[in-house]
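Trainee: Here you go, one structure.
The values are calculated or read from the model by the stated rules, or taken from the named source; none is laboratory data. As the structure is a prediction and not an experimental result, all values here were calculated from the model. Here the Cβ positions follow ideal geometry from the backbone for every residue, glycine too, while neighbour counts run over all protein chains shown.
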Amino acid sequence: MAIPRDEADLERALGFLYQQWRLLGYRQIGFYRQFSRHCKQYKGGIASVQSELRKAEGNSLEFLHRCGKEAFAIERLVLKETWSHLFTDEDKCFAQKRLSRFSK
């Protein structure tokens, strides 16, 4: 059984994902500012992920799929047992639908 984590842990995990994206050449500074407590645009890790899941375009999953690095996708994080208690069923549904677009 996974150890329940809190929003601060989620924000650290998002920071790790963001660093991986940067190494691949993908920069989403607006997203970074949303989950980084020192930024004026901070709204929290959960709200940042929910906002990203609901974007119609420009999401990181498309880029990561092209690089073969879907393991670094926010959608994967949302569906992991470790973080599932932080997200709604609707969030998980959005994540699953987005992932299913690339699993053909």
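Trainee: Report every pair of residues separated by at least 6 positions or lying on different chains whose Cβ atoms are under 7 Å apart, first residue within the range 77-104 and farther than 12 Å from residue 5 by Cβ, second outside any helix (DSSP H, G or I) and modelled with pLDDT of 95 or more.
Mentor: Short answer, once both residue conditions are applied: 78/87.
Trainee: Here's another thing I want to ask about it. Considering 29, 74, 46, which residue is hydrophobic (A, V, I, L, M, F, W, C) and out of contact with any Leu (no Cβ under 8 Å at 6 or more places or on another chain)?
Mentor: Checking each option against the conditions leaves just 29.
Trainee: Continuing with this model, one more query. From the list 90, 70, pick out the single residue that is in contact with a Lys or Arg (Cβ under 9 Å, 6 or more places away or on another chain) and either more than 17 Å from residue 13 (Cα to Cα) or of a type in the set (Asp, Glu) (or both).
Mentor: It is 70.
Trainee: One residue is enough: does the range 18-32 have a residue meeting the conditions in contact with a helix residue (DSSP H, G or I) (Cβ under 7 Å, 6 or more places away or on another chain), under 17 Å from residue 95 (Cα atoms) and free of Cβ contacts under 8 Å to residues at least 40 places away in the same chain?
Mentor: yes
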